[in-house]
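Any read-out appearing in this document is the output of simple, stated calculations on the displayed coordinates, not a laboratory observation. Please read these numbers as outputs of a predicted model, since none were measured by experiment.
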Amino acid sequence: MDFNAKLDFAGQALAFRLLHVLLAASGVVAFFVGLALQSLSITMYTLALGTVVTALV
């Protein structure tokens, strides 16, 4: 994906940034939740939940 692409609208740029921030944050949260609970399945479920929340936003 070309991160230096020209965006047409300010809202489009905001949505693009929000997408990346939410996905990165859900990945970090999922990692630490899985690490704390020592469960890979909990990590995957947490990451999936973050992805669904990002898709809904």
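Quick notes on this structure:
- Were the residues from Ala13 through Ala36 laid out at 0.36 nm apart, the gain over their Cα-Cα distance would be 4.8 nm.
- Under the Karplus curve 6.51 cos²θ - 1.76 cosθ + 1.60, θ = phi - 60°, whole-Hz ³J(HN,Hα) for segment 43-50, x wherever Gly or Pro sits: 4, 5, 5, 5, 5, 5, 4, x
- For the chain, the longest principal axis of the alpha carbon atoms and the long axis of helix 10-37 meet at an angle near 10°.
- The length gained by stretching the chain between Val53 and Ala24 to full extension, at 0.36 nm per residue less their Cα-Cα distance, is 9.2 nm.
- Identified option (computed volume of the Cα convex hull per residue in Å³; candidates [x] 88; [y] 77; [z] 68): [y]
- Mean residue ellipticity, 222 nm, helices only, the chain: the sum of -39500 (n - 2.57) across DSSP H runs of n ≥ 4, divided by residue count and rounded to 500, is -27500 deg cm²/dmol.
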